[in-house]
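Chemist: First, the structure itself, so that you have it in front of you.
The values are calculated or read from the model by the stated rules, or taken from the named source; none is laboratory data. The structure displayed is predicted, hence computed values, not measured ones. Note: ideal-geometry Cβ built from the backbone for every residue, glycine included; neighbour counts use all protein chains shown. Only protein heavy atoms, including side chains, enter the accessible area calculation; ligands, DNA and RNA are left aside. Shrake-Rupley method; radii C 1.70, N 1.55, O 1.52, S 1.80 Å.
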Amino acid sequence: QVQLVESGGGLVQPGGSLRLSCAASGSILSLNVMGWYRQAPGKQRELVGVMHSGGETNYADSVKGRFTISRDNAANTVLLQMNSLKPGDTAVYYCYLWCGGVDYWGQGTQVTVAS
């Protein structure tokens, strides 16, 4: 049973920074993909960014240059450093893991960017 536990959401002013973290537990293969998606009210869930276990990253165009994903493969954790936050970044952020052909999701953490 794979579980993903997120932490680090909250309220931040425009231009501020937040860091999200996610810890995965359970039977996780060394070949995997971890990262983050988000869902704003009334919108579909969308990719924020992911990192393959080999180090390759993919980011949404809307966050390139502002958000950075990092991983600790040994600890099965993934971090999302978010800088220069905008009101449009307000959403529930979900930790994501692909492993063994299966998608896993965290419970989500709210990020609100407002003055």
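Chemist: When only alpha-carbon atoms are used, what values of Rg and Dmax, in angstrom, describe region 54-115?
Modeler: Cα-based Rg and Dmax for region 54-115 come out at 13.0, 42 Å.
Chemist: Provide the per-residue ³J(HN,Hα) series for region 36-44, in order, calculated from phi with Karplus coefficients 6.51, -1.76, 1.60 and θ = phi - 60°, each as a whole number of Hz, with x at glycine and proline positions.
Modeler: Those phi angles translate into 9, 10, 9, 9, 8, x, x, 10, 7 Hz.
Chemist: Percent of accessible area on the chain owned by carbon and sulfur, 1.4 Å probe?
Modeler: With neighbouring chains kept in place, the figure for the chain is 49 percent.
Chemist: Just to confirm, what accessible area per residue do you get for region 1-114 at 1.4 Å probe, in whole Å²?
Modeler: Accessible surface, normalised per residue, equals 51 Å².
Chemist: Using per-residue counts of other Cβ atoms within 10 Å, averaged over each peptide, order 30-40, 81-91, 9-19 from highest down.
Modeler: So the peptides 30-40, 81-91, 9-19, ranked by packing, come out 30-40, 81-91, 9-19.
Chemist: Now for a different question. What's the ranking of 50-57, 105-112 by average number of surrounding C-beta atoms within 10 Å, highest first?
Modeler: In descending order of packing, they fall as 105-112, 50-57.
Chemist: Per the Debye formula with a single identical scatterer at each Cα and no solvent contribution, what log10 I(q)/I(0) holds for the chain at q = 0.13, 0.14, 0.15, 0.18 Å⁻¹?
Modeler: The Cα Debye sum returns log10 ratios of -0.44, -0.51, -0.59, -0.84.
Chemist: DSSP loop trypsin sites (Lys or Arg not before Pro) in region 59-99 with at most 15 other Cβ atoms within 10 Å of their Cβ, which ones?
Modeler: Passing both the DSSP loop test and the Cβ count: LYS64, ARG66.
Chemist: Using the Karplus curve 6.51 cos²θ - 1.76 cosθ + 1.60 with θ = phi - 60°, work out ³J(HN,Hα) for each residue of region 10-16 in order, rounded to whole Hz, and write x for Gly and Pro.
Modeler: x, 9, 9, 7, x, x, x
Chemist: Could you run the Karplus curve 6.51 cos²θ - 1.76 cosθ + 1.60 with θ = phi - 60° over region 87-97 and give me ³J(HN,Hα) per residue in whole Hz, x for Gly and Pro?
Modeler: Computed from phi, the couplings for region 87-97 are x, x, 7, 4, 4, 8, 9, 10, 6, 10, 9 Hz.
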